[in-house]
1. Are there any pairs with C-beta distances below 9 angstrom linking a residue in the stretch 248-267 that is in a helix (DSSP H, G or I) to a residue that is surrounded by 12 or more Cβ atoms within 10 Å (Cβ to Cβ) and of a type in the set (Ser, Thr, Tyr), with the two at least 6 apart or on different chains, and if so which?
2. How about the stretch 220-241: which of its residues are open to solvent by 60 Å² or more (accessible area, probe 1.4 Å), under 21 Å from Asp261 (Cα atoms) and part of a loop (DSSP other than H, G, I, E, B)?
3. Within the stretch 7-24, which residues are out of contact with any helix residue (DSSP H, G or I) (no Cβ under 6 Å at 6 or more places or on another chain) and either open to solvent by less than 70 Å² (accessible area, probe 1.4 Å) or part of a helix (DSSP H, G or I) (or both)?
4. Looking only at the stretch 189-216, which residues are more than 24 Å from Ile256 (Cα to Cα) and either surrounded by 20 or more Cβ atoms within 10 Å (Cβ to Cβ) or aromatic (Phe, Trp, Tyr) (or both)?
5. I'd like to check which strands (runs of 3 or more DSSP E) are fully inside the stretch 72-154 and have at least 2 residues that are open to solvent by less than 20 Å² (accessible area, probe 1.4 Å) and at pLDDT 95 or above.
6. Could you list, ordered by first residue, the pairs with Cβ atoms under 6 Å in which the first is in the stretch 98-117 and under 17 Å from Leu169 (Cβ atoms) and in contact (Cβ under 8 Å) with a residue 12 or more places away in the chain and the second is in a helix (DSSP H, G or I) and not polar (S, T, N, Q), at least 6 apart or interchain?
7. So the check is Cβ under 8 Å with 6+ separation or different chains; which pairs have a first residue in the stretch 22-36 that's of a type in the set (Asp, Glu) and a second one that's assigned to a strand (DSSP E or B) and surrounded by fewer than 18 Cβ atoms within 10 Å (Cβ to Cβ)?
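The values are calculated or read from the model by the stated rules, or taken from the named source; none is laboratory data. What you are looking at is a predicted structure, and each value in this text was computed from that prediction instead of being measured. We place every Cβ from the backbone using ideal geometry, glycine too, and count neighbours over all the protein chains shown. When the accessible area is computed, the model is the full protein with side chains, heavy atoms only, and any ligands, DNA or RNA have been set aside. Shrake-Rupley method; radii C 1.70, N 1.55, O 1.52, S 1.80 Å.
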Amino acid sequence: MKLLFSEYKSAYSHYIFPYAIWAIPEKGETPAMIFNHGFLPASREFAHFYLCRQVRVDLSKFSPSSENRRIMRKCQDIRCQLISRNKFHYTPGWREFCKHYADIKFGKDVMTYQRLDSLFNSKIVTHLLLFTDSATKKDVGVVTLYLEKKAMAYYYYSFYDLNYYDRNLGMFMMTTAVDFFADERFDYVYLGSCYSRNAMYKTQFSGAEFFNGFHWSADLKELKFLIQRDQGAVTQHLIETEEYREKFHDAQLAQIADASDFTISLL
């Protein structure tokens, strides 16, 4: 992959010169390879990716916890089916179902009909998980997914009936997906970015890890430290911060460099 460094606003008085890092796929590279280096797709056609603090579950280390099982019991009458995108009928009813959810959860017309239609017809959606209430035979939720063989599943957008909110249907859908792909012997499930306490629910699975800028970390104390740090004034780059290095890397820059997933040869 080729890397592009897109400059963002600087804080010259603190010598902070930030860049957003983009990955451009090269011939022969698959999305799974780029996900594995900490990038998420910035384009639904996989034209470019951005490096970010994201969460995935190493499914070789996943085993349902008591909390996971509790969530599953609350919706035990809801069934799940994996279907390919070309077998999913994106009807006017589904269109309104998803738009209604998006307007309530994201804000009115944050996701327009045009964006919604493009989502269900984009390269990034290869499969869907369809959730049906077995008692009423009513479809109550859907998850858009990107699957690449057994290497990865990307849990992208979910939409569900908000009347099931008190049964934690949204969390049930994510928990079901993680459990399902673990049973199917996938390597990883990617769950998106994590920059706030509200996104910590994505780490409720054994095997959860996050990308910290240079490698995948399973230390959730480190993740909580980063989220807390974001709440205040930031006057240093993270790796310059002595407290961070002492707590998580024995204060050694060399240790961080050794752990990095990125190496560029200048020879």
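1. Matching pairs, first to second residue: Phe248/Ser217; Ala259/Ser217.
2. His237
3. Ser10, Ala11, Tyr12, Ser13, His14, Ile16, Pro18, Ala20, Ile21, Ile24
4. Across the stretch 189-216, the qualifying residues are Val189, Leu191, Tyr201, Lys202, Phe205.
5. So the answer is 127-133, 138-148.
6. Within 6 Å, the pairs are Cys98/Leu116.
7. Listed pairs, sorted by first residue: Glu26/Lys2.
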